Amino acid sequence: MIDTLQVFQELQEVLPPEAARRVAEVIGRVYEELQRGVTRTEFQELHRTVAQLAEAQQQTERQLQALAAQVGGLAQRVEELAEAQRRTEQQVQALAAQMEALTRRVDGLAQRVDGLAQRVEELAEAQRRTEQQVQALAARVEVIAQQVEKLAEAQRKTEVEVMSLSRSVQELTGELRETRQQLGGLAMTVGYTLENEAFKALPGLLARDFGLTVHGPLRRKYVIDRKGELLEVNIIGQASQNGESVTIVGEAKVQLSKNDVDRFIRKKLKRLEGALPGRLFPVLVTHMTTAADVEAYARNKGIALYYSYDF
């Protein structure tokens, strides 16, 4: 009987445990098939044939003994012995044929075992190639791990630089906010200065150009608009024109644009229509316009426009 455990242990030296176990099982089944196919069937037939030959031999011996005792029946017994001999030869021929068939089956099984051995070798070679590929993959993984570590280090440096840059941006933002506040304060100062000059110069200019008589000083103050909300007006005062009462509503812009004109109409004049006594008389004062056609644009809207150098 074949020792499948020993076969498994030998195969395990060149194959993974699972593959070695499967191959050992296949060899065991082949051996058992060989035992069942040859030993249990054909060798049993062979045993019967040999037993028959032994029995025939015993009959021959008994016949010889009877021949010695019965001389008279010698010829007949010789014929019987000859017949028994022919049967024996036929049985021997049959046995030889069975032996030939058994030999062919054994050869077939041997070929199958050879094929199995070749398959085992192929599996072992495939396992070796797999191990080589795994080793190559492990080397690549090591290289990738090193690259990842380098990238992580670069990322850490980048984060430090970004944090430093963020602090610089925050500082710059603070400085920019402070600068904007300073510019805003400066712009307010320039605007208030322009308005203060307009308070003194506009009464004479409006009288000269439009026949307006200003009653009392011009000033900046909050008034109630048509919705009942407070609205800051840069330049406001009472006047009369050809006996009609009017309210001067004005605004000062350091540099006047068309958008400033539209914004003045939308946010001041329309909100104050019907909220102040008499007719509204709009006025804009500026140091300079943003484009050559801004002045004509304002005058076409019915707005009086004066430059600081008119003062």
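Taking (1) at pLDDT 75 or above; (2) over 26 Å from residue 27 (Cβ atoms) in turn, residue 108 satisfies each apart from (2). The set of residues in region 222-244 being loosely packed, with under 12 Cβ neighbours inside 10 Å and farther than 21 Å from residue 204 by Cα consists of 222, 227, 228, 229, 230, 232. Residues in region 213-226 include none that are touching a residue at least 24 places away in the same chain (Cβ under 8 Å) and assigned to a helix (DSSP H, G or I). Against the test of being in a helix (DSSP H, G or I) and either modelled with pLDDT under 70 or closer than 30 Å to residue 127 by Cβ (or both), the options 71, 14, 30 yield a single qualifying residue, 30. Filtering region 118-136 to residues that are in contact with a helix residue (DSSP H, G or I) (Cβ under 7 Å, 6 or more places away or on another chain) and of a type in the set (Val, Ile, Thr) leaves only 120. Across region 285-303, a minimum of one residue is classified as closer than 14 Å to residue 202 by Cβ and either outside any loop (DSSP other than H, G, I, E, B) or aromatic (Phe, Trp, Tyr) (or both). Candidates 212, 305, 218: the one that is in contact with a helix residue (DSSP H, G or I) (Cβ under 6 Å, 6 or more places away or on another chain) and within 14 Å of residue 195 (Cβ to Cβ) is 218. Evaluating residue 250 against the criteria (1) under 21 Å from residue 308 (Cβ atoms); (2) surrounded by fewer than 16 Cβ atoms within 10 Å (Cβ to Cβ) leaves one unmet condition, (2). Condition test on residue 20, is it modelled with pLDDT of 65 or more, in contact with a Phe, Trp or Tyr (Cβ under 6 Å, 6 or more places away or on another chain) and aliphatic (A, V, I, L, M)? The answer is yes for residue 20.
Listed conditions (1) in contact (Cβ under 8 Å) with a residue 40 or more places away in the chain; (2) small (Gly, Ala, Ser); (3) within 19 Å of residue 204 (Cβ to Cβ) are all met by residue 278, apart from (3).
The values are calculated or read from the model by the stated rules, or taken from the named source; none is laboratory data. None of the values given here were measured: they were computed from a predicted structure. Every residue, glycine among them, receives a Cβ derived from its backbone with ideal geometry; neighbour counts consider all protein chains shown.
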